[in-house]
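The values are calculated or read from the model by the stated rules, or taken from the named source; none is laboratory data. Predicted model, so just to flag it, every value in this text is computed and none were measured. All Cβ positions, glycine included, derive from the backbone under ideal geometry; neighbour counts span all protein chains shown. Remember, those area values only see protein heavy atoms, side chains included, never the ligands or the DNA or RNA. Shrake-Rupley method; radii C 1.70, N 1.55, O 1.52, S 1.80 Å.
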Amino acid sequence: QVQLMESGGGLVQAGGSMRLSCAVSGSIREIYLMGWYRQAPGKQRELVATITTGDSTTYADSVKGRFTISTDNAKTTVFLQMISLKPEDTAVYYCRADRRIGTSTYYRTYDYWGQGTQVTVSS
(Lines give C-alpha, C1' and ligand atoms only; values in the text may rest on other atoms or scores of the structure.)
Protein backbone atom coordinates (compact mmCIF):
# COMPACT_ATOMS: atom_id res chain seq x y z
CA GLN A 1 0.00 0.00 0.00
CA VAL A 2 0.95 3.64 -0.47
CA GLN A 3 -0.30 6.61 1.50
CA LEU A 4 -0.19 10.18 0.25
CA MET A 5 -0.76 13.40 2.19
CA GLU A 6 -0.78 16.79 0.47
CA SER A 7 -0.08 20.11 2.15
CA GLY A 8 0.70 23.68 1.24
CA GLY A 9 -2.50 24.87 -0.41
CA GLY A 10 -4.27 28.12 0.38
CA LEU A 11 -5.12 31.53 -1.01
CA VAL A 12 -2.68 33.57 -3.09
CA GLN A 13 -2.98 36.61 -5.33
CA ALA A 14 -2.50 36.37 -9.06
CA GLY A 15 1.17 36.54 -9.93
CA GLY A 16 2.15 34.99 -6.63
CA SER A 17 3.89 31.73 -5.79
CA MET A 18 3.07 28.64 -3.79
CA ARG A 19 4.67 25.28 -3.10
CA LEU A 20 2.70 22.11 -2.58
CA SER A 21 4.13 19.07 -0.82
CA CYS A 22 3.04 15.46 -0.89
CA ALA A 23 4.35 13.13 1.80
CA VAL A 24 4.65 9.56 0.59
CA SER A 25 4.69 6.51 2.85
CA GLY A 26 4.27 2.77 2.53
CA SER A 27 5.67 0.69 -0.34
CA ILE A 28 7.82 3.52 -1.68
CA ARG A 29 10.34 1.26 -3.44
CA GLU A 30 7.63 -0.06 -5.77
CA ILE A 31 6.55 3.40 -6.94
CA TYR A 32 7.66 4.23 -10.48
CA LEU A 33 5.73 7.42 -11.20
CA MET A 34 4.48 10.36 -9.16
CA GLY A 35 2.27 13.18 -10.30
CA TRP A 36 0.13 16.17 -9.50
CA TYR A 37 -3.38 16.53 -10.87
CA ARG A 38 -5.99 19.21 -10.35
CA GLN A 39 -9.74 19.55 -10.56
CA ALA A 40 -11.54 22.86 -10.87
CA PRO A 41 -15.26 23.21 -10.05
CA GLY A 42 -17.38 21.75 -12.83
CA LYS A 43 -14.38 20.38 -14.69
CA GLN A 44 -12.70 17.02 -15.05
CA ARG A 45 -9.55 16.18 -13.19
CA GLU A 46 -6.51 16.98 -15.32
CA LEU A 47 -2.84 16.15 -15.24
CA VAL A 48 -0.52 18.94 -14.12
CA ALA A 49 2.90 17.31 -13.94
CA THR A 50 4.57 13.94 -13.50
CA ILE A 51 8.00 12.73 -12.44
CA THR A 52 9.54 9.27 -12.76
CA THR A 53 11.93 7.57 -10.38
CA GLY A 54 14.61 8.58 -12.87
CA ASP A 55 13.53 12.22 -12.51
CA SER A 56 12.07 12.55 -16.00
CA THR A 57 9.30 15.13 -15.94
CA THR A 58 6.28 16.06 -18.02
CA TYR A 59 4.00 19.07 -17.77
CA ALA A 60 0.64 20.18 -19.04
CA ASP A 61 1.01 22.91 -21.64
CA SER A 62 -0.92 25.31 -19.42
CA VAL A 63 1.70 25.17 -16.66
CA LYS A 64 4.96 24.80 -18.60
CA GLY A 65 7.49 27.39 -17.52
CA ARG A 66 5.52 28.22 -14.37
CA PHE A 67 5.32 24.96 -12.41
CA THR A 68 8.14 22.62 -11.39
CA ILE A 69 7.73 19.11 -10.02
CA SER A 70 10.51 17.57 -7.94
CA THR A 71 11.21 15.09 -5.18
CA ASP A 72 13.56 14.87 -2.25
CA ASN A 73 16.51 12.49 -2.48
CA ALA A 74 14.71 9.75 -0.56
CA LYS A 75 11.63 9.99 -2.83
CA THR A 76 9.45 10.41 0.25
CA THR A 77 8.16 13.86 -0.66
CA VAL A 78 6.97 15.23 -3.98
CA PHE A 79 6.86 18.98 -4.49
CA LEU A 80 5.05 21.23 -6.91
CA GLN A 81 6.56 24.70 -7.06
CA MET A 82 4.15 27.13 -8.69
CA ILE A 83 5.01 30.67 -9.79
CA SER A 84 3.18 33.34 -11.76
CA LEU A 85 -0.10 31.88 -10.59
CA LYS A 86 -3.27 32.74 -12.47
CA PRO A 87 -6.93 32.65 -11.39
CA GLU A 88 -7.43 29.73 -13.77
CA ASP A 89 -4.99 27.70 -11.65
CA THR A 90 -7.63 27.65 -8.92
CA ALA A 91 -8.48 24.01 -8.20
CA VAL A 92 -8.13 21.16 -5.76
CA TYR A 93 -4.68 19.69 -6.33
CA TYR A 94 -4.18 15.97 -5.90
CA CYS A 95 -1.02 13.93 -5.55
CA ARG A 96 -0.90 10.57 -7.27
CA ALA A 97 1.50 7.62 -7.06
CA ASP A 98 1.74 4.68 -9.46
CA ARG A 99 3.06 1.43 -8.04
CA ARG A 100 4.17 -1.65 -9.93
CA ILE A 101 4.39 -5.13 -8.40
CA GLY A 102 5.96 -8.15 -10.10
CA THR A 103 8.70 -8.81 -12.61
CA SER A 104 9.65 -6.84 -15.69
CA THR A 105 7.55 -9.11 -17.88
CA TYR A 106 4.65 -9.95 -15.59
CA TYR A 107 3.39 -7.25 -13.26
CA ARG A 108 0.39 -5.35 -12.00
CA THR A 109 0.05 -1.64 -11.44
CA TYR A 110 -1.93 0.30 -8.89
CA ASP A 111 -2.56 4.00 -8.49
CA TYR A 112 -3.04 5.89 -5.24
CA TRP A 113 -4.40 9.36 -4.55
CA GLY A 114 -4.11 11.87 -1.78
CA GLN A 115 -7.12 13.67 -0.32
CA GLY A 116 -6.36 16.90 -2.19
CA THR A 117 -5.46 20.43 -1.19
CA GLN A 118 -7.29 23.57 -2.28
CA VAL A 119 -5.40 26.25 -4.19
CA THR A 120 -7.24 29.52 -4.76
CA VAL A 121 -5.75 32.31 -6.86
CA SER A 122 -7.49 35.65 -6.55
CA SER A 123 -7.47 38.23 -9.33
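Things worth noting here:
- On inspection, Gly16 does not qualify as open to solvent by 40 Å² or more (accessible area, probe 1.4 Å) and either out of contact with any strand residue (DSSP E or B) (no Cβ under 7 Å at 6 or more places or on another chain) or under 24 Å from Val2 (Cβ atoms) (or both).
- Selected residue (criterion: surrounded by the most Cβ atoms within 10 Å (Cβ to Cβ)) from residues of the range 24-55 that are of a type in the set (Gly, Ala, Ser) and closer than 21 Å to Ile101 by Cα: Gly35
- Any hit, the range 78-91, residues being out of contact with any helix residue (DSSP H, G or I) (no Cβ under 6 Å at 6 or more places or on another chain) and farther than 24 Å from Leu11 by Cβ: no
- Only a single item in (1) touching an Asp or Glu at 6+ places or on another chain (Cβ under 9 Å); (2) without any contact (Cβ under 8 Å) to a residue 40 or more places away in the chain; (3) surrounded by fewer than 17 Cβ atoms within 10 Å (Cβ to Cβ); (4) not aromatic (Phe, Trp, Tyr) is not met by Val63, and it is number (3).
- Flag for Val119 being in contact (Cβ under 8 Å) with a residue 40 or more places away in the chain, in contact with a helix residue (DSSP H, G or I) (Cβ under 9 Å, 6 or more places away or on another chain) and hydrophobic (A, V, I, L, M, F, W, C): yes
- A Cβ distance below 8 Å, combined with a sequence gap of six or more or placement on separate chains, defines the contacts here; from the range 11-29, residues that are on the phi > 0 side of the Ramachandran plot reach residues that are open to solvent by 50 Å² or more (accessible area, probe 1.4 Å) in the pairs Gly15/Ser84; Gly26/Gln1; Gly26/Gln3.
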